[in-house]
Amino acid sequence: MTEPLVELKNVSFKYDAEAAYALDNISFNIFKGEWLAIVGHNGSGKSTLAKLLNGLHFPLEGSITVGGISLSEETVWETRKKIGMVFQNPDNQFVGTTVRDDVAFGLENHGIERNDMVQRVTESLEKVKMSSFLNQEPHHLSGGQKQRVAIAGVIALRPDIIILDESTSMLDPRGREEVLETVRELKRDYHMTVISITHDLEEASKADRIVVMNKGELYREGTPEEIFQMDEELVKLGLDIPFPVKLSKILREKGLPLSRHYLSEEELVEELWTSHSKM
Amino acid sequence: MDISLQNVEYRYQVNTPFERLAIKDVSIDIPSGTFLAIIGHTGSGKSTVLQHLNALLKPTEGQVLIGERKITPEKKQKNLKEIRQRVGIVFQFPEHQLFEETVEKDICFGPMNFGVSEEEAKKRARAAIGQVGLPLEILSKSPFDLSGGQMRRVAIAGVLAMEPDVIVLDEPTAGLDPRGRKEIMDMFYSLHGTRGLSTVLVTHSMEDASRYADQIVIMHNGEVYKKGTPKEIFSSPEGLLKLGLDVPEVVRFQLKMEKSLNIRLSKTCLTMDELTDEIAAVMKRGTAT
Amino acid sequence: MMDKMIFGRYVPAESVIHRMDPRSKLVLIFLFVCIVFLANNLLTYGLLTVYTFFMIALSKVPIRFIYTGLKPVLLLVIFTLFLHLFLTKEGEVLFRFGWITIYEEGLRQGIFISLRFFLLILMTSLLTLTTTPIEITDGLESLLNPLNKVKFPVHELALMMSISLRFIPTLMQETDKIMKAQTARGADFTSGPLKERVKAIIPLLIPLFVSSFKRAEELAVAMESRGYRGGEGRTKYRQLSWGLKDTAMFAMLAALSLVLILLRT
């Protein structure tokens with residue numbers, strides 16, 4: 001694999017008043033251009049992890065390196081340029097009074113020159129398919145649309161990494177699909193590194209790699225195939241198994257000769273088709 | 001208690017430049033003991049329908065029967081408290097409505113508004129906190145010191161303590177993780193059975209609708225697009241897909257498979273078990289011949 | 001709830017007034033408030049009225065809109081008229097009926113002062129009718145900029161205003177939602193004696209406070225993660241541009257003041 005873009009080494013963290021560690025000795029790497037899903041039940045430490053990556057908190061022990069820069073209070077504004085965050089609540093991250101003003105907010109903060117700014121606002125809104133809403137006010141937008149504007153605000157700053165901190169959890173199914181589709185396109189066209197923090201296993205199954213968090217510890221790390229072999233273990237962690245995996249498992253129990261657990265419905269149908277037509 | 005919406009229309013802000021038609025010609029019957037799911041996109045009118053179920057909104061056309069009460073556009077309604085007590089609504093993100101110093105006081109708020117004595121309300125609070133699966137110690141805590149999931153349960157307990165005959169749920173599991181989602185829905189389903197409640201579930205989740213409901217109403221653009229049992233609704237999923245609505249995973253998979261293998265399963269499957277049995281049967285038949 | 005408040009609400013349209021620089025509108029309004037006091041006879045008041053209605057015509061805001069918006073304020077204007085009518089006891093007696101006596105000066109003063117009041121309201125509401133709140137904020141920020149030298153936090157103030165503007169509709173929706181949720185739990189916001197009603201507000205206010213704090217906290221985090229570190233080194237996306245029309249409007253107001261000075265008695 002290539003050089004890691006983000007390195008976490010023995011990271012521990014706890015919130016002031018609490019006795020238990022919110023994060024306990026976490027180490028893993030994030031590589032350029034990959035989609036990494038961090039999953040875990042509510043309170044497993046996955047959101048704390050996101051806050052650490054963005055320098056909203058700093059590790060008590062251990063170190064985080066982003067693009068070669070060691071993350072600390074001195075370098076935090078440097079590393080923030082490399083990482084864009086999309087948060088959970090669509091309303092509470094919309095700063096501007098209109099769509100275009102909101103996208104411009106980040107650019108203004110970074111002192112981008114006006115002509116460049118106008119161009120970047122237009123481009124990024126095109127990218128998330130919100131160009132026709134330029135002067136719309138936030139309370140006239142759906143949750144999914146607001147999240148896409150938030151994504152536009154992030155990509156306008158051209159970061160290397162985009163972190164989705166439960167960005168789809170408050171959306172309806174249609175909004176969720178819109179947002180994920182947008183992120184997939186960004187990854188394809190800009191080779192962006194995507195870190196999605198989620199408890200939606202369907203979302204995670206589309207990632208390149210999954211990190212499973214439990215009680216502040218890194219429980220398991222692997223490809224979706226590897227992770228979903230865990231099966232009932234995942235349910236015990238308060239998570240779920242994606243539908244195709246569940247289905248192939250029951251089919252195997254009922255005596256069908258399936259070669260493995262499938263992660264997508266298409267693959268499973270394909271396999272059924274092959275064995276059906278062989279008969 | 002039976003509820004019945006008859007040709008209900010609702011317009012927001014009548015006689016202003018901002019007038020907007022939200023629902024029209026909506027007729028839905030909810031006989032006592034039904035588990036009804038109302039499904040539709042954001043903006044399909046389902047939350048407007050919901051607010052008619054306990055007279056938070058008064059129809060601008062048509063009428064709503066709630067038990068013996070009749071809500072019509074003309075009559076100004078007095079004394080709606082009785083209706084509000086008998087039809088409890090758990091709104092989306094109900095934890096946002098918590099306000100008291102202690103969990104116990106918050107749960108007692110509803111019952112005491114309806115004239116229940118403090119002593120009786122406290123008794124109900126203890127019962128309700130158990131029903132939502134929280135320990136009794138939590139009663140003396142401040143609701144704002146709890147975790148998100150616990151707050152949600154406390155808010156639900158506040159509605160349960162009103163001892164309604166009908167319980168209306170607006171996306172009760174939004175934002176919860178898979179385990180929390182399942183626990184909350186299973187709890188409502190068991191309450192529905194043991195207490196003989198009517199339950200109305202407003203949701204995006206086709207999975208929950210097909211798993212728990214006996215009747216489903218699909219809303220689209222302010223109108224009832226379709227109603228029936230889950231079997232009836234999902235036996236022709238193409239229409240739903242055309243509206244951009246989901247269908248349950250099981251139904252979707254069956255459709256995909258039938259298309260690809262060019263076969264028809266003998267029935268519309270709603271559970272994983274039915275589906276796998278059917279698939280196994282088809283595949284084995286294949287081997288036999 | 002908000003839709004009932006039409007007074008001063010921005011009405012989108014394509015007009016000279018809409019396209020004017022908010023700074024010039026703010027300054028012009030201020031100057032207008034001053035020169036209104038120059039008028040003291042029929043001719044000068046007439047000129048002011050013509051000017052005001054000319055501006056309204058230019059703005060292309062439908063009269064109907066202005067009328068419905070002004071209705072509540074109109075009562076105040078009429079009250080002012082009567083106040084002067086009854087309380088001024090100067091000049092010839094025009095009319096006597098029972099205990100009511102109306103003097104010439106009373107009528108004159110009543111009409112002039114309520115007219116003055118009326119024109120002021122019209123012009124200031126024209127500002128908000130044709131300028132979005134955010135434009136007003138930008139205009140203010142730019143006009144107050146010199147105060148930066150004396151360490152007055154102009155940028156922070158403007159940001160605060162624009163964020164409040166952004167969140168007003170969100171909070172309205174939230175209020176409506178919580179009100180409904182508590183009503184469903186048997187709360188009664190609309191009837192009962194005052195003391196009861198004040199108490200009934202608590203289940204509404206506390207959740208609103210709690211959620212506003214939470215919003216503020218999350219917003220601060222979001223702003224920080226998008227690189228906000230205060231006003232220094234920031235560029236601006238929205239730009240104000242002074243045009244020919246702004247200069248023309250100033251010229252017109254200057255001419256009006258000159259004529260007023262010449263014609264007043």
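The values are calculated or read from the model by the stated rules, or taken from the named source; none is laboratory data. Keep in mind it's a predicted model, so treat the numbers as computed, not measured. Here the Cβ is made from the backbone with ideal geometry for all residues, glycine too, and neighbour counts use every protein chain on show.
Being within 13 Å of another protein chain (Cβ to nearest Cβ), of a type outside the set (Gly, Ala, Ser) and not in a helix (DSSP H, G or I) is the filter here, so list the residues in region A:39-72 that pass it.
If the condition is that a residue be within 13 Å of another protein chain (Cβ to nearest Cβ), of a type outside the set (Gly, Ala, Ser) and not in a helix (DSSP H, G or I), then A:39, A:41, A:42, A:54, A:56, A:57 are the ones that fit.
May I ask you to list the residues in region C:124-152 that are without any contact (Cβ under 8 Å) to a residue 40 or more places away in the chain and closer than 18 Å to residue A:95 by Cβ?
Of all residues in region C:124-152, those without any contact (Cβ under 8 Å) to a residue 40 or more places away in the chain come to C:137, C:141, C:144-152.
The answer is C:137, C:141.
Among B:118, B:137, B:163, which is the only one that is within 21 Å of residue C:202 (Cβ to Cβ) and more than 9 Å from chain C (Cβ to nearest Cβ)? Steps first, answer last, please.
Numbers: B:137 fails: within 21 Å of residue C:202 (Cβ to Cβ); B:163 fails: within 21 Å of residue C:202 (Cβ to Cβ).
Exactly one residue qualifies, and that residue is B:118.
So how many residues does region A:173-199 have that are more than 25 Å from residue A:158 (Cα to Cα) and surrounded by 21 or more Cβ atoms within 10 Å (Cβ to Cβ)?
Number satisfying all stated conditions: 1.
Would you please list the contacts, defined by Cβ atoms under 8 Å and residues six or more apart or on different chains, that run from a residue in region A:246-266 that is within 10 Å of chain B (Cβ to nearest Cβ) and closer than 20 Å to residue B:284 by Cβ to a residue that is at pLDDT 85 or above and not in a helix (DSSP H, G or I)?
Taking only residues 6 or more apart or on different chains, the pairs are A:249/A:241.
Would it be correct to say that residue B:91 is in contact with a strand residue (DSSP E or B) (Cβ under 6 Å, 6 or more places away or on another chain) and of a type in the set (A, V, I, L, M, F, W, C)?
Details: in contact with a strand residue (DSSP E or B) (Cβ under 6 Å, 6 or more places away or on another chain): yes; of a type in the set (A, V, I, L, M, F, W, C): yes.
Against the criterion (in contact with a strand residue (DSSP E or B) (Cβ under 6 Å, 6 or more places away or on another chain) and of a type in the set (A, V, I, L, M, F, W, C)), residue B:91 qualifies.
Identify the residue in region A:55-83 that is out of contact with any Ser or Thr (no Cβ under 6 Å at 6 or more places or on another chain) and of a type in the set (Val, Ile, Thr) and, among all such residues, is surrounded by the most Cβ atoms within 10 Å (Cβ to Cβ).
So the residue we want is A:83.
For region B:51-82, enumerate the residues that are crowded, with 22+ Cβ neighbours inside 10 Å and within 14 Å of chain C (Cβ to nearest Cβ).
Once the filter is applied, which keeps residues that are crowded, with 22+ Cβ neighbours inside 10 Å and within 14 Å of chain C (Cβ to nearest Cβ), region B:51-82 yields B:52, B:53, B:54, B:66.
Spot the failing condition for residue C:236; the list is (1) surrounded by fewer than 16 Cβ atoms within 10 Å (Cβ to Cβ); (2) more than 7 Å from every other protein chain (Cβ to nearest Cβ), and only one is missed.
Unmet condition: (2).
Count, please, the residues in region B:208-246 that happen to be in a helix (DSSP H, G or I), at pLDDT 90 or above and closer than 22 Å to residue A:243 by Cβ.
First pass over region B:208-246, keeping only residues in a helix (DSSP H, G or I): B:208-212, B:230-234, B:237-242.
With the extra rule that they be at pLDDT 90 or above, the set shrinks to B:208-212, B:230-234.
Adding the requirement that they be closer than 22 Å to residue A:243 by Cβ leaves B:208-212, B:230-231, B:233-234.
Here the count works out to 9.
Regarding region A:112-133, can at least one residue be identified that is within 18 Å of residue C:132 (Cβ to Cβ) and either touching a strand residue (DSSP E or B) at 6+ places or on another chain (Cβ under 8 Å) or surrounded by fewer than 20 Cβ atoms within 10 Å (Cβ to Cβ) (or both)?
Yes: one or more hits.
Just give me the residues in region A:252-273 being surrounded by 12 or more Cβ atoms within 10 Å (Cβ to Cβ) and assigned to a helix (DSSP H, G or I), in sequence order.
Pass one, region A:252-273, residues surrounded by 12 or more Cβ atoms within 10 Å (Cβ to Cβ): A:252, A:254, A:256, A:258, A:260-273.
Those that are surrounded by 12 or more Cβ atoms within 10 Å (Cβ to Cβ) and assigned to a helix (DSSP H, G or I): A:252, A:265, A:266, A:267, A:268, A:269, A:270, A:271, A:272, A:273.
Quick check on my filter: what residues within region B:213-237 are surrounded by fewer than 14 Cβ atoms within 10 Å (Cβ to Cβ) and touching a Leu at 6+ places or on another chain (Cβ under 8 Å)?
B:214, B:231
What tally of residues in region A:84-113 results from selecting those that are under 19 Å from residue A:170 (Cα atoms) and in contact (Cβ under 8 Å) with a residue 12 or more places away in the chain?
First, the residues of region A:84-113 that are under 19 Å from residue A:170 (Cα atoms): A:85-95.
Imposing the further condition that a residue be in contact (Cβ under 8 Å) with a residue 12 or more places away in the chain reduces the set to A:85-91, A:93-94.
The number of residues fulfilling the criteria is 9.
Do you know which residues across region B:1-37 are in a loop (DSSP other than H, G, I, E, B), on the phi < 0 side of the Ramachandran plot, within 14 Å of chain C (Cβ to nearest Cβ) and not acidic (Asp, Glu)?
Residues satisfying the conditions are B:14, B:16, B:17, B:18.
One line per residue, one yes/no per condition, for (1) at pLDDT 95 or above; (2) touching a Ser or Thr at 6+ places or on another chain (Cβ under 8 Å):
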{"site": "B:133", "(1), (2)": "no, no"}
{"site": "B:140", "(1), (2)": "yes, yes"}
{"site": "B:144", "(1), (2)": "no, no"}
{"site": "B:173", "(1), (2)": "no, yes"}
{"site": "B:177", "(1), (2)": "no, no"}
{"site": "B:180", "(1), (2)": "no, yes"}
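Take the residues of region C:167-189 that are among the acidic types (Asp, Glu) and assigned to a helix (DSSP H, G or I): which is farthest from the other protein chains (Cβ to nearest Cβ)?
The residue in question is C:176.
Within region C:211-225, does at least one residue satisfy the condition of being facing another protein chain (nearest Cβ under 10 Å), in contact with a strand residue (DSSP E or B) (Cβ under 8 Å, 6 or more places away or on another chain) and at pLDDT 90 or above?
Yes, the conditions are met somewhere in region C:211-225.
If I ask for residues that are of a type outside the set (Gly, Ala, Ser), in contact (Cβ under 8 Å) with a residue 40 or more places away in the chain and touching a His at 6+ places or on another chain (Cβ under 9 Å), which ones from region B:158-194 would you list? Walk me through how you get there before you give the answer.
Taking region B:158-194 and keeping what is of a type outside the set (Gly, Ala, Ser), we get B:159-160, B:162-173, B:176-179, B:181-189, B:191-192, B:194.
After this cut, where a residue has to be in contact (Cβ under 8 Å) with a residue 40 or more places away in the chain as well, the list is B:159-160, B:162-172, B:183, B:187, B:189, B:191-192.
Answer for region B:158-194, where residues must be of a type outside the set (Gly, Ala, Ser), in contact (Cβ under 8 Å) with a residue 40 or more places away in the chain and touching a His at 6+ places or on another chain (Cβ under 9 Å): B:167, B:171.
In region B:24-46, which residue that is modelled with pLDDT under 95 and touching a helix residue (DSSP H, G or I) at 6+ places or on another chain (Cβ under 7 Å) is surrounded by the fewest Cβ atoms within 10 Å (Cβ to Cβ)?
Ranking the candidates gives B:41 first.
Looking only at residues in region A:85-104 that are within 8 Å of chain C (Cβ to nearest Cβ) and within 15 Å of the chain's Cα centre (by Cα), which one is nearest to residue B:175 (Cα to Cα)?
Per the criteria, the residue is A:89.
Just need a number here: residues in region C:17-31 that are in contact with a Leu (Cβ under 7 Å, 6 or more places away or on another chain) and closer than 17 Å to residue C:128 by Cβ.
Taking region C:17-31 first, the residues in contact with a Leu (Cβ under 7 Å, 6 or more places away or on another chain) are C:17, C:21-23, C:25-26, C:28-29, C:31.
So of that shortlist, the ones also closer than 17 Å to residue C:128 by Cβ come out as C:17, C:21-23, C:25-26, C:28-29.
Total satisfying the criteria: 8.
Kindly check whether there is at least one residue in region C:236-254 that is more than 25 Å from the chain's Cα centre (by Cα), farther than 26 Å from residue B:160 by Cβ and part of a loop (DSSP other than H, G, I, E, B). Break it down stepwise before answering.
Step one: filter region C:236-254 for residues more than 25 Å from the chain's Cα centre (by Cα), giving C:236-237, C:244.
Keeping just the survivors that are farther than 26 Å from residue B:160 by Cβ gives C:236-237, C:244.
Filter once more, keeping what is part of a loop (DSSP other than H, G, I, E, B): C:236-237.
Within region C:236-254 (the criterion being more than 25 Å from the chain's Cα centre (by Cα), farther than 26 Å from residue B:160 by Cβ and part of a loop (DSSP other than H, G, I, E, B)), the answer is yes, since at least one residue qualifies.
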